[in-house]
1. Which of the lysines could a cross-linker span from Lys36 if the Cα-Cα distance has to be under 18 Å and same-chain partners fewer than 8 positions apart are dropped?
2. Run the quick spin-label model on Arg31 and Ala10: label points 7 Å from Cα toward the beta carbon, then report their separation in nm to one decimal.
3. Probe radius 1.4 Å, ligands and nucleic acids ignored: give me the carbon and sulfur share of the accessible area of region 7-70 as a rounded percent.
4. How do Arg15, Arg40 stack up against each other in accessible area, from largest to smallest, with a 1.4 angstrom probe?
5. Taking θ as phi - 60°, what are the ³J(HN,Hα) couplings along region 14-20 by the Karplus curve (6.51, -1.76, 1.60), each to the nearest whole Hz, with x for Gly and Pro?
6. Whole-Hz ³J(HN,Hα) for each residue in region 24-37, computed from phi via Karplus 6.51 cos²θ - 1.76 cosθ + 1.60 with θ = phi - 60°, x for glycine and proline: what do you get?
7. For Cα pairs less than 8 Å apart in space and 6+ apart in sequence, what is the mean separation divided by the residue count of the chain, i.e. the relative contact order in percent?
8. Give a residue-ordered list of calculated ³J(HN,Hα) values for region 44-56 (Karplus: 6.51 cos²θ - 1.76 cosθ + 1.60, θ = phi - 60°; whole Hz; x for Gly, Pro).
Amino acid sequence: MKVVYPELAAEIAKRGIRKKDIAKCVEISDRALSNKLQGRSAFTWNEVNKICDTFFPGAEMATLFKREGE
């Protein structure tokens, strides 16, 4: 899988968060989440907020969702 959000991917792995749980939290399919993580589709502002609030409280949103090469 292509890593588009390296900081987000690292934090997900470090904290042992299941991608299935993230997808459920933002009410999308596992496949839709995969597409977003691979940069095939974009995260909505509401999804970003919900992911940060639920799984990464206190983390810097701009850092977590910084795309590779930005």
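The values are calculated or read from the model by the stated rules, or taken from the named source; none is laboratory data. All of these numbers come straight from a predicted model, not from anything done at the bench. Glycine gets a Cβ as well: all are built from the backbone with ideal geometry, and neighbour counts include every protein chain shown. For the accessible areas, the whole protein counts, side chains as well, though only heavy atoms, and no ligand, DNA or RNA atoms are used. Shrake-Rupley method; radii C 1.70, N 1.55, O 1.52, S 1.80 Å.
1. Result set, ordered by chain and number: Lys2, Lys19, Lys20, Lys24, Lys50, Lys66.
2. 3.2
3. Details: 2020 of 4100 Å².
C and S fraction of accessible area: 49 percent.
4. Highest to lowest solvent-accessible surface, that is Arg40, Arg15.
5. Working through the residues one at a time gives 4, 8, x, 7, 7, 4, 4 Hz.
6. 5, 4, 9, 6, 10, 6, 4, 5, 4, 5, 4, 4, 5, 5
7. Worked out over the chain, it gives 46 percent.
8. My calculation for region 44-56 gives 7, 4, 5, 5, 4, 4, 5, 4, 5, 5, 7, 10, 9 Hz in order.
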